[in-house]
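*Asks:* Okay, here's the structure, questions in a sec.
The values are calculated or read from the model by the stated rules, or taken from the named source; none is laboratory data. Worth saying up front: this structure is predicted, and the values here are computed from it rather than measured. For neighbour counting, all protein chains shown are included, and Cβ atoms are generated from backbone atoms with ideal geometry for every residue, glycine included. Protein only, heavy atoms only, side chains kept; ligands, DNA and RNA dropped before computing areas. Shrake-Rupley method; radii C 1.70, N 1.55, O 1.52, S 1.80 Å.
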Amino acid sequence: MLSFYSRPKLQLYTLFAVLFTTVSIHAQDVQVSFRIVNSKKEPVGFATVSLRNRVDSTNKFEQVADSTGRAQLTLTKGAQYIVAVTSVNYQPMEKGITATGQPFTLALEPLATTLGGVVVRSTRPLMRQEDDKTIVDPEALIPSSTSGYEVIEKTPGLFVDQDGNIYIASTTPATVMINGREMKMSAADIATMLKSLPPNAIASIEIVRTPSAKYDATSSGGMVNVILKKGVKLGLTGSVNSGWQQGTYGTQFAGFNLTNNNGELSTYLNVNVNNRNSFDRIKTDRIFAPDSVLSQDANTKYPSDIYYVGFGMSFEASKKWQLSYDGRFSLNQFDNKTENLNIIRKLSTAEIIASNINLVRNLGHTFTTNHGINAKNKLDSLGSEWTSDVSYTYARNESEQSFSTGPTSGGDGDAGNHRHFLTAQSDVTLKMKKKFTFEAGIKTSLLSFDNETEYFSLSGGTRTKDELRTNTFRYRENINSAYVQGSKTIVSDLLLKTGLRVENTNMNGHQVVPGDTTFSIHRTDLFPYAYLSKKVISIAGFELRAYLVYRRTISRPVYEQLNPFPRYIDQFLSEVGNPTLRPQFNNNYEANISVNEMPILAVGINQTKDIFTNVIYSLGSQAFRTYDNLGKNKEFYLRGLGAIPPGGKYFFVLGGQYNHNHYEGFYQDRPLAFKKGTWTFFTYHQLKLGKRSQFTMNGFIRLKGQLQFYELSTFGALNASINRQFLKQKLIVTLSMNDMFYTLRNDFTLNQGPVNASGSRYGDTRRIGINLRYNFGIRKKEETNNMFTVDPEKVN
């Protein structure tokens, strides 16, 4: 079935396309020369000079300076660029310039000295805007974190809920990618994977609120792309790290990473072992009958041992071809135990009608491995390139569950699932005449998921097969897509980018046991994208730019939400998937403003139809937590951000966001109308305490928040850390405290349909810790015979 958007949106997109294809204004080019010198004004020969257009990040240039340190490039007059210069034995540097035809002299500092008193000061901002994405440098967040999951939790502007969902600007969870590859996992599985990831394995985090047509359309809540480090330093370098955190329970970790780069072949290896332990406690009061209430107090302990190995290589096959391979193995062994006290009382008399204790144990392991091969071909010196990528992921989850509701009643069962996920894609970027950039690509993905469970119930000491929970479910998914996209600077520095993506979806689910049921979805959809960017004004050297973005997206249910297996939570609650769940579609409109690549203000609207969300259905004394399509939602959001620029002694980021949702539809055959507004504030502070110490503090607060249809009380967290360098800055010792005031806890209410419940939730979030990291390396001092080697970074 072919689905098209409404006529007004078609007309809007057609207008963009006509404007894009018919407007052709020639910008004036100028020759700009660069002279690279050291602090003594002596020329630095064979330095690599790289430029990217501040407005259009696909507009890139690179040239190697001659023996006198001089390089010359043809640039667009009046356009703004970011210049990066690297050279062996010197600090890399970046600087913003405006192409006026005047020459530039750029001074580099030796690795052994600081940057005080030079012409250009190198800075590493925590956040910067590049084209339509925000890039976060996590270096300051790593020392106080025990995993990649904690790094994301502490990233300003990202919110991670207690179930592992990551949110950006919307109340719809974001899509999580690793090295640009979608994981196709549930939120819980992604959280497990990120908790196995060493924090210092992360090079950067890309936050894309409205992804372009180049990216998969399954990104209604935006996209978070975690970029892992690779071998980029000349010679053999690495680090050894270990740490400990203590809350109610303790967490310990240790690991190391190695990188080696000889100029043509770079390799890396990351190994990490993590012993984690924490708890989650949920207290709930739910109306059980007209004159009774069910009170539950569930305390779950989550001990686990996590093992992670990541490795890869990158090879310069020729001046034009680069080949790379990345692989990861992760094993999570867990033994979760829940103790749930259940009490049923009469509301009128407070008399206890019944009480018991449920004991639930989940023992098992999750194994995940991913392997990817990437090839890049530089088509010309202008930045045109052709990239191809193939990725395979295998995941296996095996668990044993046992539960009891009394001495002679309960049950047990075995559950196992296997998942294979294969993707292949190819993309081309062409730098054409008249400053026109053309992009196109194709992609296919295949997902195979098999789940089998076998359960038994125990009643009066007799063990019989549980026909309800014994289940066999098979799911197959194939998505084929293609896109075209183009960008051009028109009318001075007005950048227009438009694109169109087509995705063909094929989903087949087949439940064999307990009953033979099948569902199938086959559809083809179009997803347009439009992006406008223009300089507004320059004040005191700061450039103010405005952006307008539109994108249509889709959210497809994952296997966990489709699997009809009823998972036991307690004797009154089960969790079950919904195989009839339909995809939801979203139209996002956003306007935002940035100052010198720092996003400061954004306002947007999300219009979603066929929205599916987590709901609870009640059937007598039993409640079932599942997913269902409820109708439509219109979300308005406003986001602001302010900061002191990095580079000085003190740096901070302070931001706020407002979300207002209006749901309309049907819930259990009753009309549904729900409105809720939520404020969230977040902050990050960094203070340098001399040359070798640094204090950081970050946190957030959410005022009367919302999670699906749960209304939450005000909650938040404040984290702080202090680090100091020893042994010639090779050893870094960090002391940290997370959730200092133990405010990452909330009260909740749920009043939808026949379900009337309230309660509270908190976990093992207040923790103190110490992290140690020792950097080492044997680096090559001279590589002048290789003009394309990457300059080593200073060990921090």
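*Asks:* Give the residue, chosen from Phe449, Phe403, that is in contact with a helix residue (DSSP H, G or I) (Cβ under 6 Å, 6 or more places away or on another chain) and either touching a residue at least 12 places away in the same chain (Cβ under 8 Å) or in a strand (DSSP E or B) (or both).
*Replies:* Phe449
*Asks:* In the list Ile569, Ile593, which residue meets the criterion of being more than 23 Å from Glu400 (Cα to Cα) and surrounded by fewer than 21 Cβ atoms within 10 Å (Cβ to Cβ)?
*Replies:* Result: Ile593 is the single residue among Ile569, Ile593 that is more than 23 Å from Glu400 (Cα to Cα) and surrounded by fewer than 21 Cβ atoms within 10 Å (Cβ to Cβ).
*Asks:* Name, by its number, the condition in (1) modelled with pLDDT under 75; (2) buried (at least 16 other Cβ atoms within 10 Å of the Cβ); (3) out of contact with any Gly (no Cβ under 9 Å at 6 or more places or on another chain); (4) within 30 Å of Ser736 (Cα to Cα) that does not hold for Gly116.
*Replies:* Tallying (1) modelled with pLDDT under 75; (2) buried (at least 16 other Cβ atoms within 10 Å of the Cβ); (3) out of contact with any Gly (no Cβ under 9 Å at 6 or more places or on another chain); (4) within 30 Å of Ser736 (Cα to Cα), Gly116 fails exactly one: (2).
Let's see how each residue does on (1) closer than 30 Å to Gln571 by Cα; (2) small (Gly, Ala, Ser); (3) assigned to a strand (DSSP E or B); (4) free of Cβ contacts under 8 Å to residues at least 40 places away in the same chain:
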position	(1), (2), (3), (4)
Ser426	no, yes, yes, no
Ala440	no, yes, yes, no
Thr518	yes, no, yes, yes
Arg523	no, no, yes, no
Phe527	no, no, yes, no
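*Asks:* Something else about it: Test each condition in (1) under 27 Å from Gly406 (Cα atoms); (2) within 29 Å of the chain's Cα centre (by Cα) for Asn342 and report the one that comes out false.
*Replies:* So the condition that Asn342 fails would be (2).
*Asks:* Are there any strands (runs of 3 or more DSSP E) wholly within region 559-652 with 3 or more residues that are modelled with pLDDT of 85 or more and in contact with a Gly (Cβ under 7 Å, 6 or more places away or on another chain), and if so which?
*Replies:* Result: 584-595, 598-619, 622-643.
*Asks:* Limited to region 84-101, what total is found for residues that are at pLDDT 85 or above and in a loop (DSSP other than H, G, I, E, B)?
*Replies:* Residues flagged as at pLDDT 85 or above and in a loop (DSSP other than H, G, I, E, B) within region 84-101 amount to 0.
*Asks:* A follow-up question, please. Under 6 Å between Cβ atoms, at least 6 apart or on separate chains: pull out the pairs that start in region 727-746 with a residue that is closer than 30 Å to Thr237 by Cα and end on any residue that is open to solvent by 40 Å² or more (accessible area, probe 1.4 Å) and of a type in the set (A, V, I, L, M, F, W, C).
*Replies:* Val733/Leu772; Leu735/Ile722; Leu735/Ile770; Met737/Ile768
*Asks:* For region 506-516, which residues satisfy the criterion of being part of a strand (DSSP E or B) and open to solvent by less than 40 Å² (accessible area, probe 1.4 Å)?
*Replies:* Within region 506-516, Asn506, Met507, Gly509, Gln511 meet the criteria.
*Asks:* Here's something else I'd like to know. Going through region 709-735 one residue at a time, which ones are in a loop (DSSP other than H, G, I, E, B) and crowded, with 16+ Cβ neighbours inside 10 Å?
*Replies:* Phe709 - this is the single residue of region 709-735 that is in a loop (DSSP other than H, G, I, E, B) and crowded, with 16+ Cβ neighbours inside 10 Å.
*Asks:* Looking for something among the charged types (D, E, K, R), touching a Phe, Trp or Tyr at 6+ places or on another chain (Cβ under 6 Å) and open to solvent by 40 Å² or more (accessible area, probe 1.4 Å) - is there at least one such residue anywhere in region 443-465?
*Replies:* The answer is yes; a qualifying residue exists.
*Asks:* For region 686-700, give me each residue that is open to solvent by 60 Å² or more (accessible area, probe 1.4 Å), in a strand (DSSP E or B) and not hydrophobic (A, V, I, L, M, F, W, C).
*Replies:* Scanning region 686-700 gives a single hit, Lys688.
*Asks:* Given the structure, is Asn332 at negative phi, open to solvent by less than 70 Å² (accessible area, probe 1.4 Å) and over 30 Å from the mean Cα position of the chain (by Cα)?
*Replies:* Taking the combined requirement at face value, the residue does not satisfy it.
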